[in-house]
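Asks: Take a look at this one; I'll ask things after.
What follows draws every value from the coordinates through simple rules; no lab data is involved. Here the structure is a predicted model, which means the values were calculated and not measured. Note: ideal-geometry Cβ built from the backbone for every residue, glycine included; neighbour counts use all protein chains shown.
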Amino acid sequence: MIRTSARGALLAAILGGLGGPTAVAEEQHGLHAQCWTGPALRASRRELRPVYRRVALDLAGLRKLELAPASPTPANLRGSIRRVDLPPDKKLIALTFDLCETPHDVAGYDGGIVDYLRAHKVKATFFAGGKWIETHGERAAQLMTDPLFELGNHGWTHQDVRRVAGRRLQDEILLAQRAYERARARLAQRACLKPVPGALSRIPERLGLFRFPYGTCDAKALHAVAKAGLLAIQWDVVTGDPSRDRSARAIAATVLRHARPGSIVIAHANGRGWNTAAALPLIVPALREQGYEFVTVGELLAAGKPVIARTCYQWSPGDHRRFETARRPHMKRPRARDDATVFETTD
Ligand SMILES: [Zn+2]
């Protein structure tokens, strides 16, 4: 078993500077405030929902990009991380929001979620699809430069990694890494950041976390993610927000019922979450009242011992199932569920 301090050092290496300067003063004067006005940061209804259309992408340029060096994930951190066991005096919780985008659509940006998190100083982690980063350049840059937020990899075009192998599997993982690193390089060129000493050093050089699209994986995909120096992050509390019939109250009731110290909560910020933004005012103050502190996944991992499963969630109800069945009309559409939102580990 690895000691906490040694684990912290490993995590810091994977996450590229975990525990670096994220002081309160910096949160109030994040890099995003250097580059965007309040109105430019705020939600826009026009961006909220996905649009089904294909877009031209500079894949050739992306493939040429040399990735930041990374060491493979150590054996004791491989597998799918569901939650984190914390010391008894710590009451931390991580909200996560997926920014999924498929080859067929340009996904949305649920700015109401981000506005709420900023207004109430709630830290969170966004798992961004590489294609989402490419098609939402300004929004991705805003998230990357906001010290409240951490970004993770959610695949290039949201493939079920059990169905791809070889080059396609590598693309799913590494093109998203490249999309992030290209976005970071472009940020370095912005005039608004030039006057800020060490601006780029505040933005992690690479993504260190990976969330499997659809919550599915197999041994080869887990191996590929670990080989790329990424930690596979799943969840233990599901908002169920892809279901249109989940009200804000139902989402909040579920999260409040199942949250415990060390939990990782999954929701969506790509316009495929319904009532998520409206649920946050019912969730955040209530959890703070109970003594919870919101942290990023990286911070949660550094504070305790990750609970790691050997397998991923498969077709159990949860992330994207409704969306997936909507795209595949021959599949049986799942019944709406009020609960059943905390998965059992499958190993
Ligand atoms: Zn997703």
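Asks: Work out the FRET efficiency for LYS227 and ASP115 from their Cβ-Cβ distance, taking R0 = 56 Å, and round it to the nearest 0.05.
Replies: Working: r = 38 Å, r/R0 = 0.67.
Efficiency computed from Cβ-Cβ geometry: 0.90.
Asks: Kindly rank 210-218, 66-74 from highest to lowest mean number of other beta carbons found within 10 Å of each residue.
Replies: On the way: 210-218: 24.8, 66-74: 14.1.
Ranked by mean Cβ neighbours within 10 Å, highest first: 210-218, 66-74.
Asks: Using θ = phi - 60° and the Karplus relation 6.51 cos²θ - 1.76 cosθ + 1.60, list the HN-Hα couplings for the range 216-224 in order, rounded to whole Hz, with x at every Gly or Pro.
Replies: Taking θ as phi minus 60°, the curve returns 10, 7, 9, 4, 5, 6, 4, 5, 5 Hz for the range 216-224.
Asks: Name the shape class, rounded, prolate or oblate, that the alpha-carbon gyration tensor gives for the range 191-312, where a ≥ b ≥ c are the square roots of its eigenvalues, rounded holds for a/c under 1.5, and otherwise prolate holds if a/b is larger than b/c and oblate otherwise.
Replies: On the way: a/c = 1.64, a/b = 1.20, b/c = 1.37.
It is oblate, given that a/c is not under 1.5 and a/b is not larger than b/c.
Asks: Out of the range 213-289, which trypsin sites (Lys or Arg not before Pro) are coil in DSSP terms and have no more than 13 other C-beta atoms within 10 Å? Walk me through the numbers on the way to the answer.
Replies: Working: sites: LYS220, LYS227, ARG244, ARG246, ARG249, ARG257, ARG272, ARG288; in loops: ARG244, ARG246, ARG272.
Here the trypsin sites (Lys or Arg not before Pro) that fit, given the DSSP loop and packing criteria, are ARG244.
Asks: May I ask you to derive the FRET efficiency for LEU65 and CYS192 from their Cβ-Cβ distance with R0 = 30 Å, giving the value to the nearest 0.05?
Replies: Working: r = 23 Å, r/R0 = 0.77.
The calculated FRET efficiency here is 0.85.
Asks: Follow-up question, since we're still on this one. When the Cα centres of the range 237-305 and the range 107-167 are compared, how far apart do they sit, in Å?
Replies: 16 Å
Asks: Hey, can you rank 230-236, 274-280 by average C-beta count inside 10 Å, highest first? Walk me through the numbers on the way to the answer.
Replies: Details: 230-236: 25.6, 274-280: 22.4.
With the highest mean Cβ count within 10 Å placed first, the list reads 230-236, 274-280.
Asks: When the dipole is taken about the Cα centre of the range 29-142, and only Lys, Arg (+1) and Asp, Glu (-1) are charged at their Cβ, what size is it in debye, to the nearest 20? Let's see the in-between values first.
Replies: Details: 18 positive and 12 negative charges, 41 e Å.
Result for the range 29-142 is approximately 200 debye, rounded to the nearest 20.
Asks: Sort 151-158, 302-309 by packing, meaning the average of other beta carbons within 10 Å per residue, with the highest value first. Show your work: numbers first, answer last.
Replies: Values: 151-158: 27.1, 302-309: 18.4.
Descending packing order for the listed peptides: 151-158, 302-309.
Asks: If you take every DSSP beta bridge fully contained in the range 41-166, what fraction is antiparallel? Give it as a percent rounded to 5.
Replies: Numbers: 1 of 10 bridges.
Percentage antiparallel, nearest 5: 10.
Asks: Between ALA43 and GLU205, what's the calculated FRET efficiency when r is the beta-carbon distance and R0 is 25 Å? Round to 0.05.
Replies: Numbers: r = 29 Å, r/R0 = 1.17.
That pair, ALA43 with GLU205, gives E of 0.30.
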